[in-house]
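The values are calculated or read from the model by the stated rules, or taken from the named source; none is laboratory data. A quick note: this is a predicted structure, and the numbers were derived from the prediction, not measured. Neighbour counts run over all protein chains shown; Cβ positions are idealised from the backbone, glycine included.
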């Protein structure tokens, strides 16, 4: 799982700002003759300079995105998260598209230049479509909502290496307090319009918000997470000789004052509103389809997340067929390990046998982390045989921080910086080891780390031959499709030697097939939470805590759950197409470089990029320069 871990959720930074429905790229303008290669490269270079200037303008609107890239400009600022800021952003995008079309002829660009041209327009179209459904959004949910991600940004992304960085940290406490109020205002408007998340989401947000104002300096035992982080960063400055002790004490006092006068009241205000409004929330949870304009909203979200025009019914039926196929493969492993009984009984055996879990102790948690680290290290050594482009950034494995840890919640990846100063992180929820089956350990590490999200995100961030905006794009079907494809690729690379680990791989693939069924069942067919839990319990050997947490995730994040299998299917289809057409010329390393070497793409544009590579390979020409 990645989308909620990319600094902040899309709903926080710019709802609809780049993840909308599938759109056809603009057709090339007909010309009597094609431009020469040299002329096309020159025109593309001019376009790329234009894109990079627009990218700088984008970052000027988002100090938090700058910080995520390791850029300390506007280091004391937090993004404007009001609806007015959303409107300004959308209008800016519209004007840039007009300027692009007025000053550049798409037909005179290189193929990669045309891809960038189409992507820029695509971004605006997606944002404009999503903006029509602004009142349907859930702003605060238990699933990586801004109440947690804003705090996590300050703790994990805001690095402190100088005294001025700590001054900026204090200023950002106030900025986050303001942003939280802006988001709360949006949530109120949406609630009044009939778009409220279910009761469990209210309770989850309240719990997370309270955890951030419990402990010193707010009251209660121990230190609150943000105060503990601030003190640690100030003490590190003093230890490094960057500040003296009186300056350290002054910084702590200013931090404490900001927390007590700004942070605390903002979070308490959010809690008070949620407590008052949750009486209006549904106790029996269903999907967004019941909300005003909900069916159209879900259809948009499904297009948005899959970057296809598939209907809810098509996705539902695809999910059902994949569940049946994977069950057949699971039955083969059941026979291999000699288990006698039905597949359902085998599910229960894997779900309930203590041997498939580490102890629910600190030693058990560390053993889980160590095992995941060892699997990733072994996979890293095999990468050169399957990839030409390798990431420079390091990867570490960590437990999720206590204030946002949830039993049974999915493991996830948080990206590092392109310069390698901050590594990528594979996070895991270890509060309840009964929710962390050992057979699923290996596959989760490959999905979130190597060759999954860490490979894809790091390579995208490190690209130097494409406009900068392309290194930061997020398309759920591409990112999660790659992560799921990476799980299968790892098997081809020699992983899952233990049959139970291979069963874990199938468990997670089936999990994603079930997501297609449940995503569409919940939001398009009106399934309740309990119906979804029952279907998942009958069809997957997942821990009970995993099932409940996952179903609740699907309920508050319409469309996301379907993106995994749809994206994986497209990547596998494109690989088979390349194998068939290229025959002995097919090179798995080149294929992976083409898929990852252009950054994240909508699936239709990914297919176009692969088709162009196939044509180039058939012609016997090198395409290496276009994918690095």
(request) Considering only residues that are crowded, with 22+ Cβ neighbours inside 10 Å and farther than 17 Å from residue 380 by Cα, look in segment 419-428 and name the one that is nearest to the chain's Cα centre (by Cα). (result) 427
(message) For segment 135-144, check the following and say yes or no: at least one residue is within 30 Å of residue 198 (Cα to Cα), over 21 Å from the mean Cα position of the chain (by Cα), part of a helix (DSSP H, G or I) and touching a residue at least 12 places away in the same chain (Cβ under 8 Å).
(response) yes
(request) Please work out which one of (1) over 30 Å from residue 285 (Cβ atoms); (2) in a loop (DSSP other than H, G, I, E, B) is the condition residue 541 fails and give its number. (result) (1)
(request) List the helices (runs of 4 or more DSSP H) that sit entirely inside segment 266-362 and contain at least 2 residues that are free of Cβ contacts under 8 Å to residues at least 24 places away in the same chain. (result) 312-336, 343-352
(message) Among the residues that make up segment 75-86, is at least one of them surrounded by fewer than 22 Cβ atoms within 10 Å (Cβ to Cβ), more than 25 Å from the chain's Cα centre (by Cα) and assigned to a helix (DSSP H, G or I)?
(response) yes
(message) So residue 55 passes all but one of these: (1) surrounded by fewer than 22 Cβ atoms within 10 Å (Cβ to Cβ); (2) touching a residue at least 60 places away in the same chain (Cβ under 8 Å); (3) part of a loop (DSSP other than H, G, I, E, B). Which condition number does it fail?
(response) (3)
(message) Considering only segment 520-539, I want to know if a residue exists there that is modelled with pLDDT under 95 and over 22 Å from residue 320 (Cβ atoms).
(response) no
(request) Output the number of residues of segment 124-134 satisfying the condition of being surrounded by fewer than 22 Cβ atoms within 10 Å (Cβ to Cβ) and part of a helix (DSSP H, G or I). (result) 6
(request) Kindly establish whether residue 114 is at pLDDT below 95 and crowded, with 18+ Cβ neighbours inside 10 Å. (result) no
(message) The conditions are (1) crowded, with 20+ Cβ neighbours inside 10 Å; (2) closer than 30 Å to residue 601 by Cβ; (3) touching a helix residue (DSSP H, G or I) at 6+ places or on another chain (Cβ under 6 Å), and residue 295 fails exactly one of them. Which is it?
(response) (1)
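A quick yes/no check of all residues on (1) surrounded by fewer than 21 Cβ atoms within 10 Å (Cβ to Cβ); (2) within 21 Å of the chain's Cα centre (by Cα); (3) closer than 25 Å to residue 543 by Cβ:
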residue: 464; (1), (2), (3): yes, no, no
residue: 477; (1), (2), (3): no, yes, no
residue: 491; (1), (2), (3): yes, no, yes
residue: 509; (1), (2), (3): no, yes, yes
residue: 513; (1), (2), (3): no, yes, yes
residue: 522; (1), (2), (3): no, no, yes
(request) Quickly run through segment 368-400 and pick out the residues that are in contact with a helix residue (DSSP H, G or I) (Cβ under 7 Å, 6 or more places away or on another chain), over 14 Å from residue 436 (Cβ atoms) and part of a strand (DSSP E or B). (result) 395
(message) One residue is enough: does segment 206-221 have a residue meeting the conditions surrounded by fewer than 23 Cβ atoms within 10 Å (Cβ to Cβ) and closer than 24 Å to residue 85 by Cα?
(response) no
